[in-house]
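For reference, the structure discussed in these notes is given below.
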Amino acid sequence: MAKSKKKQQFIAGGFVEISVSNQRKVFGRLLPLFQVAVYDCVVEQYTPFSEKEIIKKPVLFYVGVYRGIVTSEKISIVGFKELTNEELTRIPPVFHQSEPNIEKCYLIYYDGREERTTPEKCIGLERASAYSDDNIIQRVEDFYSGRKNFFVEMTKVILDRSDPRYMNPKVRWSFAEEKFYRV
């Protein structure tokens with residue numbers, strides 16, 4: 001009888017292995033509020049890892065994820081280490097922006113605090129959203145291939161109403177030009 005995969009639970013502090021294409025993997029760390037820090041550390045699929053080595057690597061990006069992401073065949077929990085206060089304070093906030101009133105923005109911190117802010121202060125931050133395992137893998141592959149990522153571009157803060165993403169359902173992404181345009 002074949003063994004079934006043990007049901008894994010999302011627990012902040014868990015280390016995850018994320019299988020990407022070409023028999024490679026990257027590592028991430030589960031964070032509060034269903035976020036993952038993905039490290040700049042690509043290795044061959046069967047290369048052993050050390051949690052101490054991984055946390056020394058720079059973080060490529062932090063993203064919100066679906067709670068059940070650790071039950072995916074592509075993402076597995078491979079270790080655990082309690083998050084320190086220092087590690088928690090390094091987690092950047094995410095932002096939320098009102099669709100009709102783009103001036104209305106909030107920063108959301110790892111501990112659940114919210115703070116009203118301006119769109120300009122959201123530049124470079126992640127929008128409060130949830131990535132699937134495939135979205136994370138695509139973002140990693142795009143990063144290492146030097147391509148812009150559709151989800152990153154789509155969720156950037158909107159600074160003015162002339163942005164083609166503002167209140168317009170008829171927006172398309174040009175993969176050749178790596179930008180949005182209205183249709």
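Here, each number is a calculation from the coordinates, and none is a lab measurement. Just so it is clear, the model here is predicted, and its values are computed rather than measured. For neighbour counting, all protein chains shown are included, and Cβ atoms are generated from backbone atoms with ideal geometry for every residue, glycine included.
Against the 2.2 N^0.38 Å scaling, with N counting residues, where does the range 14-182 land? I'd like the Cα-based Rg ratio to two decimal places.
Details: Rg = 16.9 Å, N = 169, 2.2 N^0.38 = 15.5 Å.
For the range 14-182, the normalised Cα radius of gyration comes out at 1.09.
So for the range 1-154, if I pair up every lysine 8 or more residues apart or on another chain, how many of those pairs have alpha-carbons under 15 Å apart? Provide the component values of the computation, followed by the final result.
Working: LYS5/LYS74; LYS6/LYS74; LYS7/LYS74; LYS25/LYS57; LYS25/LYS74; LYS52/LYS81; LYS56/LYS81; LYS104/LYS121.
Step by step, the pairs that qualify in the range 1-154 add up to 8.
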| task | Compute the separation of the alpha-carbon centres of the range 124-183 and the range 36-94 and state it in Å as a whole number. | result | 23
| query | Mind listing the phi-derived Karplus ³J(HN,Hα) values for the range 20-33, rounded to whole Hz, using 6.51, -1.76 and 1.60 with θ = phi - 60°, and x for any glycine or proline? | reply | 10, 5, 6, 6, 10, 9, 10, 10, x, 9, 6, 10, x, 6
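Pairs of Cα atoms under 8 Å, at least six residues apart: use those to get the relative contact order of the range 14-182, whole percent. Numbers along the way, then the final one.
Numbers: 279 pairs, mean separation 29.5, N = 169.
Answer for the range 14-182 is 17 percent.
Report the calculated FRET efficiency for SER19 and TYR166 (r = Cβ-Cβ distance, R0 = 45 Å), to the nearest 0.05. Don't skip to the end; give the middle numbers.
Details: r = 36 Å, r/R0 = 0.81.
Approximately 0.80, to the nearest 0.05.
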| field | All-pairs alpha carbon distance profile, the range 88-183, 10 Å steps from 0, percent | value | 15, 41, 36, 9, 0
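Relative to the compact-globule scaling 2.2 N^0.38 Å, provide the ratio for the alpha-carbon radius of gyration of the range 113-161.
On the way: Rg = 12.8 Å, N = 49, 2.2 N^0.38 = 9.7 Å.
Cα Rg divided by the expected 2.2 N^0.38 Å: 1.32.
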| said: If each residue of separation counts as 0.36 nm, what is the full-extension length gain between GLN45 and TYR109 once their alpha-carbon separation is subtracted? | reply: 19.7 nm
| query | So what is the orientation-averaged projected area of the range 1-88, using the convex hull of its C-alpha atoms, in nm²? | reply | 6.3
| Ordering of 94-102, 10-18, 108-116 by packing [mean C-beta count within 10 Å, highest first] | 10-18, 94-102, 108-116
